[in-house]
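Here is the structure we will look at, set down as structure tokens.
The values are calculated or read from the model by the stated rules, or taken from the named source; none is laboratory data. Just so we're clear, the structure is a prediction, and the values are computed from it rather than from any experiment. Note that we place each Cβ from the backbone using ideal geometry, even for glycine, and neighbour counts take in every protein chain shown. Side chains included, ligands, DNA and RNA excluded: accessible areas come from the protein's heavy atoms. Shrake-Rupley method; radii C 1.70, N 1.55, O 1.52, S 1.80 Å.
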Protein chains: 2
Amino acid sequence: MTELTVLKKLPFWEQLSKDEKELVQASSSVRHYSKNQIIHNCETDCLGLTMVLSGELRTCILSEEGREITLYRLQQEELCVLTASCAVNQITFDTQMSASKDCDLLVINTAAFERLTRQNIYVRCFMYELLTERFSSVMWTMQMILFKGYDRRLASFLLDEYKRTGLRNIKMTHEQIALHTNSAREVVARMLKRFASDGLVAYKRGCITLKDIDALRQLN
Amino acid sequence: MTELTVLKKLPFWEQLSKDEKELVQASSSVRHYSKNQIIHNCETDCLGLTMVLSGELRTCILSEEGREITLYRLQQEELCVLTASCAVNQITFDTQMSASKDCDLLVINTAAFERLTRQNIYVRCFMYELLTERFSSVMWTMQMILFKGYDRRLASFLLDEYKRTGLRNIKMTHEQIALHTNSAREVVARMLKRFASDGLVAYKRGCITLKDIDALRQLN
């Protein structure tokens, strides 16, 4: 039985009937995962709907050779439906979720979540809206990284600048980098954010600092 | 003003109020597109929600060098929300839709579609469910083609068999091909279906016929 204060953080809580609220309360639990522990992949059982209470969760796809691409990271109060992918007929590809930091997750088990999405249009709509949002962001990532190789191109540009100047601080705006790498400001901003969350760079207005030269070289 | 018999094919028609039905009727039209004509891309105006009445519509992504990857094809009575992508905040990547055969499309303009998704939870849920389904299929495609190169590997295997036997008919089950190409039966089935819809092969139980050797070589 999970505490009400936690459950009230669910975005659809107020749209549940009294019975549904009781169902959620009886079907949920809080679980702890240690850093790097696998939370869900194609070999584990379907976990259910999850919400991050603390820490961070990382979702990635794996190639047959074991290469990983991070699709997204979830932080406090963000929900993950892919841990309940068996409850969503439309999902036909494999992903892996793991704890990128020690984390506590609220888990609503699959049976209860399935029942809610079947009987409550607001929960169903919430689920599909969340999936649309995540998938759209994932498609951007896949398009940029796999199709356009923009992660490689940006890493290569940053390393060239480092070689040219000998300095880890690269004083350029996103706009200037976009011009140099034949891309758009918005693309530079999103990819730098990704690099920063992977610990490769840090940035502030008009300046990018290379934090992990080796990892940047590996992308290259 | 579009005929009622056409509008009744909309999957959410029965869930509209009388006013909403009138809005749809007044805001929709039937448009004809010739084979290869662009229907929607990042440079055209947002068209609205579309439904294929006849013919076929193809959605693809374009690389900066102009390489195309087909994401999906839509046939009769299938709906496309991406032609109304400006009405969906979550969509942040670019796709292109074109007529792969001469086609007639029912178009509900963006303003009306936006209003419906805002005020009718069933239409909203329908839209996100459809997007989830399409995106999931797209992610499978992108994962297989861009990340795992499985289209290339399958084409290469089929061409090797052709070279070995001198025959365009390859008498193998999906299971056997999966074993030879280090993949799963389901992956083989989906990729062959894709090849068939692109005119590269034809298949029936236990036999694949190579229809376009040159195109298979280009994949390779």
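For this structure, a couple of remarks:
- The residues of segment B:150-180 that are open to solvent by less than 30 Å² (accessible area, probe 1.4 Å), within 26 Å of the chain's Cα centre (by Cα) and within 19 Å of B:Arg205 (Cα to Cα), listed by number, are B:Leu154, B:Ala155, B:Phe157, B:Leu158, B:Ile177, B:Ala178.
- Cβ-Cβ distances below 6 Å connect the following pairs, each with a first residue in segment B:161-174 that is over 16 Å from B:Leu216 (Cβ atoms), a second residue that is small (Gly, Ala, Ser) and surrounded by 11 or more Cβ atoms within 10 Å (Cβ to Cβ), and a separation of six or more residues or different chains: B:Thr173/B:Gly206; B:His174/B:Ala189.
- Count of residues meeting criterion [at the interface with chain A (Cβ under 7 Å from one of its Cβ atoms) and open to solvent by less than 10 Å² (accessible area, probe 1.4 Å)] in segment B:123-142: 8
- You will find that of B:Phe147, B:Phe126, the residue that is under 29 Å from A:Leu71 (Cα atoms) and in contact (Cβ under 8 Å) with a residue 60 or more places away in the chain is B:Phe126 and no other.
- Within segment B:104-122, the set of residues being of a type in the set (A, V, I, L, M, F, W, C) and away from chain A (no Cβ under 14 Å) comprises B:Leu105, B:Leu106, B:Val107, B:Ile108, B:Ala111, B:Ala112, B:Phe113.
- Sole residue being among the hydroxyl-bearing types (Ser, Thr, Tyr) and part of a loop (DSSP other than H, G, I, E, B), chosen from A:Thr2, A:Thr83: A:Thr2
- Here the condition is being among the hydroxyl-bearing types (Ser, Thr, Tyr) and within 14 Å of chain A (Cβ to nearest Cβ); of B:Thr70, B:Thr44, it holds for B:Thr70 alone.
- Checking B:Leu23 against (1) touching a residue at least 60 places away in the same chain (Cβ under 8 Å); (2) over 26 Å from A:Tyr128 (Cα atoms); (3) open to solvent by less than 50 Å² (accessible area, probe 1.4 Å); (4) not in a loop (DSSP other than H, G, I, E, B), the condition it does not meet: (2)
- Flag if A:Ser156 is among the hydroxyl-bearing types (Ser, Thr, Tyr) and closer than 30 Å to A:Ala87 by Cβ: no
- Some residue of segment A:87-97 being touching a helix residue (DSSP H, G or I) at 6+ places or on another chain (Cβ under 6 Å), within 14 Å of chain B (Cβ to nearest Cβ) and under 19 Å from A:Gln15 (Cα atoms): no
- Single residue of segment A:26-36 satisfying the filter (polar (S, T, N, Q) and open to solvent by 50 Å² or more (accessible area, probe 1.4 Å)) that is farthest from A:Thr5 (Cα to Cα): A:Asn36
- Here B:Ala84 clears all of (1) within 14 Å of chain A (Cβ to nearest Cβ); (2) under 11 Å from the mean Cα position of the chain (by Cα); (3) surrounded by 17 or more Cβ atoms within 10 Å (Cβ to Cβ) except the condition numbered (2).
- The residue of segment A:37-63 that is surrounded by the fewest Cβ atoms within 10 Å (Cβ to Cβ), among those that are in contact with a Phe, Trp or Tyr (Cβ under 9 Å, 6 or more places away or on another chain) and either outside any strand (DSSP E or B) or not assigned by TED's automatic domain parsing to the domain that holds A:Pro11 (or both), is A:Ser63.
- Matching entry among B:Gln76, B:Gln96 (being among the polar types (S, T, N, Q), surrounded by fewer than 21 Cβ atoms within 10 Å (Cβ to Cβ), under 16 Å from the mean Cα position of the chain (by Cα) and modelled with pLDDT of 90 or more): B:Gln76
- With respect to the conditions (1) touching a residue at least 12 places away in the same chain (Cβ under 8 Å); (2) crowded, with 20+ Cβ neighbours inside 10 Å, A:Gln119 falls short on a single one, namely (2).
- Residues that are open to solvent by 50 Å² or more (accessible area, probe 1.4 Å), outside any strand (DSSP E or B) and over 20 Å from B:Met142 (Cβ atoms), drawn from segment B:183-220: B:Arg185, B:Arg205, B:Lys211, B:Asp212, B:Asp214, B:Arg217
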